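Colleague: Quick one: the structure is below, and I'll ask about it shortly.
No value in this document is a laboratory result; all are computed from the given coordinates. Please read these numbers as outputs of a predicted model, since none were measured by experiment. Note that we place each Cβ from the backbone using ideal geometry, even for glycine, and neighbour counts take in every protein chain shown.
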Amino acid sequence: MACAGADVLPEDAPLGHRCYDETVVKFEAKHKWPHAWFKFRSPTQGEVRWQTTLGACGTNELTMRVARACYLRFEAGDSADAVKAYRASLYTRLKEARRSAQGEDDDKPLIALGAASSAPPSTGKDATKPSVQNSSPVTPPSGTAVPSSRRPPPPSPAAASKKLAAMASSPKASGPKQKSKTKLDSAVDDPHRWVRRKKEEKGTPGGRVEIQGTRSDGVKVRFQVTASRCGGDMELAESIAFKLSELMASGAPREDWEKLR
């Protein structure tokens, strides 16, 4: 059975290719940050050590699949920079596929309130009935006197008392205003969504990966992993950030985050 997300990747290496050999492309499952890796030697670039991370791919199978795709590109003569850009594009495809599988639809256009209906005009008997849209009362400009015949009648004392009693018993009136649930608050079940890549800025050569969110106990967390501390490898920095986000969501204290980083 194909792994979820495999359909967004390019065609896998042909069966029997040497990159399927476990001594060529290896998977480090017991590593603190599991990853697949291989060494490739070319006459122009010498020996290159390459890796793809489980944190960026999602599953062991997809991690090996991306590693084999990179191996084929090296075999075709691509430079390390070209393969790095290629790997980043595959990571992006997998990330978007995971979001789609979780039901996230950030690109869905919002429907404007008060937009005209696209239904065709009624014909026959219904044609004489006024539409709901056109039957709404027109609000006069501010400062314009409203004729007494159009003013709504004042509520009766009994109706006013009933409304006040309902307002007093409402949960909104008896307690503090509830904070609206943000996108980060809803991501507690998936702390990997706390991770955000940041571009290179002053003081962070190579860029950084920032972790920011709110745990289920209400504690806000914010942390970062810089590419410079990871040998300039943003993929490794992101993999470390994924592990840190899981630790933060579990309720571990900040001292444990620092120690793991």
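Colleague: Which entries of Lys84/Lys243; Lys26/Lys220; Lys39/Lys259; Lys84/Lys198; Lys30/Lys198 show an alpha-carbon separation above 27 angstrom in the structure shown?
Modeller: Result: Lys26/Lys220; Lys39/Lys259; Lys30/Lys198 exceed 27 Å.
Colleague: How high is the FRET efficiency between Thr44 and Arg93 when r is their beta carbon distance and R₀ equals 25 Å, given to the nearest 0.05?
Modeller: 0.30
Colleague: Between Ser156 and Ser216, what's the calculated FRET efficiency when r is the beta-carbon distance and R0 is 45 Å? Round to 0.05.
Modeller: 0.40
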